[in-house]
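Q: Have a look at this one.
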Amino acid sequence: LARTPTKLKTQLLAQGLSEETLSRQLVIIEGNALDVAATNRTLSAGDGLVNTIVSGLGGGPRLTFSLRRPLQIFSLDNPTICESATQTLFNALQELYVEKPTLAANKPLVTFISTTGITTGPADVPFWLRFLYHQLLAIPHADKRNMETLYRKNITESDESKRLFRNIVG
(Lines give C-alpha, C1' and ligand atoms only; values in the text may rest on other atoms or scores of the structure.)
Protein backbone atom coordinates (compact mmCIF):
# COMPACT_ATOMS: atom_id res chain seq x y z
CA LEU A 1 0.00 0.00 0.00
CA ALA A 2 1.66 3.21 -1.12
CA ARG A 3 0.36 6.74 -1.50
CA THR A 4 2.67 7.25 -4.49
CA PRO A 5 3.45 3.92 -6.20
CA THR A 6 5.83 5.49 -8.72
CA LYS A 7 7.93 6.93 -5.89
CA LEU A 8 8.16 3.52 -4.19
CA LYS A 9 9.04 1.79 -7.46
CA THR A 10 11.71 4.40 -8.26
CA GLN A 11 13.27 3.95 -4.81
CA LEU A 12 13.32 0.16 -5.15
CA LEU A 13 14.86 0.30 -8.64
CA ALA A 14 17.50 2.74 -7.36
CA GLN A 15 18.46 0.16 -4.71
CA GLY A 16 19.30 -2.37 -7.41
CA LEU A 17 16.10 -4.39 -7.67
CA SER A 18 15.25 -5.30 -11.24
CA GLU A 19 12.02 -4.47 -13.00
CA GLU A 20 11.49 -8.22 -13.46
CA THR A 21 11.84 -8.91 -9.72
CA LEU A 22 9.44 -6.11 -8.85
CA SER A 23 6.78 -7.23 -11.30
CA ARG A 24 7.14 -10.88 -10.21
CA GLN A 25 7.38 -10.38 -6.43
CA LEU A 26 5.53 -7.18 -5.60
CA VAL A 27 2.01 -5.90 -5.96
CA ILE A 28 1.83 -2.19 -5.21
CA ILE A 29 -1.61 -0.85 -4.41
CA GLU A 30 -2.17 2.88 -4.47
CA GLY A 31 -3.85 4.23 -1.38
CA ASN A 32 -3.57 5.67 2.08
CA ALA A 33 -2.98 3.69 5.27
CA LEU A 34 -5.75 5.71 6.91
CA ASP A 35 -8.34 4.45 4.41
CA VAL A 36 -10.08 1.20 5.43
CA ALA A 37 -11.10 0.38 1.84
CA ALA A 38 -7.54 0.78 0.51
CA THR A 39 -6.20 -1.27 3.41
CA ASN A 40 -8.77 -4.00 2.68
CA ARG A 41 -7.74 -4.08 -0.99
CA THR A 42 -4.14 -4.52 0.09
CA LEU A 43 -4.81 -7.22 2.67
CA SER A 44 -6.85 -9.28 0.21
CA ALA A 45 -4.87 -8.52 -2.98
CA GLY A 46 -3.96 -12.15 -3.62
CA ASP A 47 -5.97 -15.28 -3.01
CA GLY A 48 -7.57 -14.82 0.40
CA LEU A 49 -5.67 -12.88 3.03
CA VAL A 50 -1.99 -11.94 3.19
CA ASN A 51 0.02 -14.03 5.65
CA THR A 52 2.42 -11.27 6.76
CA ILE A 53 2.00 -7.54 7.30
CA VAL A 54 4.99 -5.23 7.69
CA SER A 55 4.29 -1.69 8.86
CA GLY A 56 6.94 0.99 9.02
CA LEU A 57 4.82 4.11 9.14
CA GLY A 58 5.85 7.43 10.57
CA GLY A 59 5.07 11.07 10.14
CA GLY A 60 7.07 13.74 8.42
CA PRO A 61 8.97 15.99 10.83
CA ARG A 62 7.73 19.50 11.43
CA LEU A 63 9.57 22.17 13.41
CA THR A 64 7.51 23.81 16.15
CA PHE A 65 8.07 26.13 19.06
CA SER A 66 6.15 26.59 22.28
CA LEU A 67 7.02 28.71 25.30
CA ARG A 68 5.39 26.04 27.48
CA ARG A 69 7.72 23.34 26.09
CA PRO A 70 10.78 25.10 24.68
CA LEU A 71 12.75 21.88 24.13
CA GLN A 72 9.93 20.23 22.22
CA ILE A 73 10.93 21.56 18.82
CA PHE A 74 9.81 18.60 16.69
CA SER A 75 6.30 17.55 15.88
CA LEU A 76 4.82 15.54 13.03
CA ASP A 77 2.76 16.56 10.02
CA ASN A 78 0.22 14.07 11.40
CA PRO A 79 0.89 13.61 15.15
CA THR A 80 -1.24 10.42 15.34
CA ILE A 81 -0.27 8.73 12.05
CA CYS A 82 0.98 5.47 13.61
CA GLU A 83 -1.90 5.11 16.05
CA SER A 84 -4.50 6.04 13.40
CA ALA A 85 -3.06 3.72 10.73
CA THR A 86 -2.92 0.86 13.25
CA GLN A 87 -6.56 1.42 14.14
CA THR A 88 -7.37 1.49 10.40
CA LEU A 89 -5.58 -1.84 9.99
CA PHE A 90 -7.60 -3.27 12.89
CA ASN A 91 -10.86 -1.99 11.37
CA ALA A 92 -9.95 -3.39 7.95
CA LEU A 93 -9.18 -6.85 9.36
CA GLN A 94 -12.36 -6.88 11.44
CA GLU A 95 -14.33 -5.99 8.32
CA LEU A 96 -12.68 -8.77 6.30
CA TYR A 97 -13.29 -11.34 9.05
CA VAL A 98 -16.98 -10.38 9.16
CA GLU A 99 -17.35 -10.48 5.35
CA LYS A 100 -15.40 -13.74 4.99
CA PRO A 101 -15.27 -15.60 8.34
CA THR A 102 -13.03 -18.33 6.88
CA LEU A 103 -10.19 -15.78 6.62
CA ALA A 104 -9.93 -15.69 10.41
CA ALA A 105 -8.58 -19.26 10.35
CA ASN A 106 -5.29 -18.02 8.87
CA LYS A 107 -4.63 -14.72 10.60
CA PRO A 108 -1.55 -12.80 9.47
CA LEU A 109 1.65 -12.18 11.37
CA VAL A 110 2.28 -8.45 11.77
CA THR A 111 5.70 -6.84 12.10
CA PHE A 112 5.76 -3.19 13.03
CA ILE A 113 8.68 -0.81 13.28
CA SER A 114 8.65 1.48 16.28
CA THR A 115 11.38 3.45 18.03
CA THR A 116 13.81 3.40 20.93
CA GLY A 117 13.19 5.13 24.22
CA ILE A 118 9.61 4.07 24.85
CA THR A 119 10.18 0.52 26.01
CA THR A 120 8.32 -0.93 28.97
CA GLY A 121 11.42 -3.03 29.70
CA PRO A 122 14.99 -1.99 30.44
CA ALA A 123 16.04 1.46 29.25
CA ASP A 124 17.39 1.42 25.71
CA VAL A 125 18.69 5.00 25.52
CA PRO A 126 21.87 6.07 27.35
CA PHE A 127 21.07 7.71 30.68
CA TRP A 128 22.69 11.07 29.84
CA LEU A 129 20.63 11.43 26.67
CA ARG A 130 17.22 10.48 28.07
CA PHE A 131 15.98 13.91 29.16
CA LEU A 132 16.90 15.62 25.89
CA TYR A 133 15.75 12.64 23.81
CA HIS A 134 12.33 12.55 25.45
CA GLN A 135 11.87 16.31 25.25
CA LEU A 136 12.78 16.60 21.58
CA LEU A 137 10.80 13.55 20.50
CA ALA A 138 7.82 13.70 22.88
CA ILE A 139 5.16 13.92 20.16
CA PRO A 140 6.49 11.15 17.87
CA HIS A 141 7.10 8.99 20.95
CA ALA A 142 3.51 9.44 22.14
CA ASP A 143 2.26 8.28 18.74
CA LYS A 144 4.55 5.23 18.67
CA ARG A 145 3.64 4.37 22.28
CA ASN A 146 -0.08 4.50 21.44
CA MET A 147 0.52 2.29 18.39
CA GLU A 148 2.41 -0.26 20.49
CA THR A 149 -0.36 -0.23 23.10
CA LEU A 150 -2.96 -1.08 20.45
CA TYR A 151 -0.92 -4.04 19.20
CA ARG A 152 -0.15 -5.22 22.74
CA LYS A 153 -3.81 -5.07 23.80
CA ASN A 154 -4.94 -7.01 20.77
CA ILE A 155 -2.39 -9.80 20.98
CA THR A 156 -2.97 -10.29 24.72
CA GLU A 157 -6.75 -10.36 24.30
CA SER A 158 -8.00 -13.30 26.39
CA ASP A 159 -10.71 -14.14 23.85
CA GLU A 160 -8.64 -15.57 21.01
CA SER A 161 -11.44 -14.97 18.50
CA LYS A 162 -11.00 -11.21 19.02
CA ARG A 163 -7.30 -11.33 18.18
CA LEU A 164 -6.66 -9.98 14.73
CA PHE A 165 -3.21 -11.45 14.19
CA ARG A 166 -1.48 -14.79 14.49
CA ASN A 167 1.27 -12.98 16.37
CA ILE A 168 3.12 -9.67 16.42
CA VAL A 169 6.76 -8.67 16.13
CA GLY A 170 7.81 -5.18 17.13
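Quick grid of which residues meet (1) among the β-branched types (V, I, T); (2) over 24 Å from L150 (Cα atoms):
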{"site": "T42", "(1), (2)": "yes, no"}
{"site": "V50", "(1), (2)": "yes, no"}
{"site": "L71", "(1), (2)": "no, yes"}
{"site": "Q87", "(1), (2)": "no, no"}
{"site": "T120", "(1), (2)": "yes, no"}
{"site": "D124", "(1), (2)": "no, no"}
{"site": "F127", "(1), (2)": "no, yes"}
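Q: Pick out the one residue from K153, K144 that is among the basic types (K, R) and in contact with a helix residue (DSSP H, G or I) (Cβ under 9 Å, 6 or more places away or on another chain). Give the derivation first.
A: Working: K153 fails: in contact with a helix residue (DSSP H, G or I) (Cβ under 9 Å, 6 or more places away or on another chain).
The unique qualifying residue is K144.
Q: Go through the range 70-90 and report how many residues are within 16 Å of L164 (Cα to Cα) and among the aromatic types (F, W, Y).
A: 1
Q: Looking at S75, is it hydroxyl-bearing (S, T, Y), in contact with a helix residue (DSSP H, G or I) (Cβ under 7 Å, 6 or more places away or on another chain) and within 30 Å of Y133 (Cα to Cα)?
A: yes
Q: For the range 145-161, name all the residues that are among the basic types (K, R) and under 15 Å from L89 (Cβ atoms).
A: At the first step, the residues of the range 145-161 found to be among the basic types (K, R) are 145, 152-153.
R152, K153, listed by residue number.
Q: Related question: Those residues that are in a helix (DSSP H, G or I) and of a type in the set (D, E), I need them from the range 1-32; list them, please. Lay out the reasoning, then the answer.
A: If we filter the range 1-32 for residues that are in a helix (DSSP H, G or I), which is where we start, we get 5-14, 19-25.
E19, E20, listed by residue number.
Q: When both residues are 6+ apart or on different chains and their Cβ atoms are under 8 Å apart, which pairs have a first residue that lies in the range 3-24 and is within 28 Å of D35 (Cα to Cα), and a second that is small (G, A, S) and open to solvent by less than 90 Å² (accessible area, probe 1.4 Å)?
A: Correct list of pairs: R3/G31; L8/A2.
Q: What are the residues in the range 1-33 that are of a type outside the set (A, V, I, L, M, F, W, C) and more than 19 Å from L43 (Cα to Cα), if any?
A: Taking the range 1-33 first, the residues of a type outside the set (A, V, I, L, M, F, W, C) are 3-7, 9-11, 15-16, 18-21, 23-25, 30-32.
Matches in the range 1-33: T6, K7, K9, T10, Q11, Q15, G16, S18, E19, E20, T21.
Q: Something else: Which residues, taken from the range 3-32, are within 23 Å of M147 (Cβ to Cβ) and either of a type in the set (S, T, Y) or surrounded by fewer than 16 Cβ atoms within 10 Å (Cβ to Cβ) (or both)? So that I can check it myself, show each step before the final result.
A: Keep residues of the range 3-32 that are within 23 Å of M147 (Cβ to Cβ), which gives 3-4, 8, 29, 31-32.
Listed by number, the residues that qualify are R3, T4, I29, N32.
Q: From L93, L13, L67, L17, grab the single residue that is hydrophobic (A, V, I, L, M, F, W, C) and closer than 29 Å to L164 by Cβ. Can you show your working first?
A: Working: L13 fails: closer than 29 Å to L164 by Cβ; L67 fails: closer than 29 Å to L164 by Cβ; L17 fails: closer than 29 Å to L164 by Cβ.
Unique residue meeting the criteria: L93.
Q: Also, I was wondering about something else. Go through the range 156-170 residue by residue and tally those that are within 19 Å of T115 (Cβ to Cβ) and part of a helix (DSSP H, G or I).
A: Filtering the range 156-170 for residues within 19 Å of T115 (Cβ to Cβ) gives 168-170.
Then keep just the ones that are part of a helix (DSSP H, G or I); that gives none.
So the answer is 0.
Q: Tell me, which residue of the range 140-162 that is surrounded by 17 or more Cβ atoms within 10 Å (Cβ to Cβ) and without any contact (Cβ under 8 Å) to a residue 60 or more places away in the chain is farthest from Q87 (Cα to Cα)?
A: H141
Q: Would you kindly identify the strands (runs of 3 or more DSSP E) lying entirely within the range 33-139 that contain at least 2 residues that are open to solvent by 30 Å² or more (accessible area, probe 1.4 Å)?
A: Details: elements: 52-55, 61-63, 74-76, 109-112.
The qualifying strands (runs of 3 or more DSSP E) are 52-55, 61-63, 109-112.
Q: I would also like to ask the following. Working carefully through the options I168, I139, I155, find the one that is under 21 Å from L57 (Cβ atoms), of a type in the set (V, I, T), modelled with pLDDT of 90 or more and in contact with a Ser or Thr (Cβ under 8 Å, 6 or more places away or on another chain). Break it down stepwise before answering.
A: Numbers: I139 fails: modelled with pLDDT of 90 or more; I155 fails: in contact with a Ser or Thr (Cβ under 8 Å, 6 or more places away or on another chain).
Just one listed residue meets the conditions, I168.
The values are calculated or read from the model by the stated rules, or taken from the named source; none is laboratory data. Nothing here was measured: the structure is a model prediction, and the numbers come from that model. Glycine gets a Cβ as well: all are built from the backbone with ideal geometry, and neighbour counts include every protein chain shown. Only protein heavy atoms, including side chains, enter the accessible area calculation; ligands, DNA and RNA are left aside. Shrake-Rupley method; radii C 1.70, N 1.55, O 1.52, S 1.80 Å.
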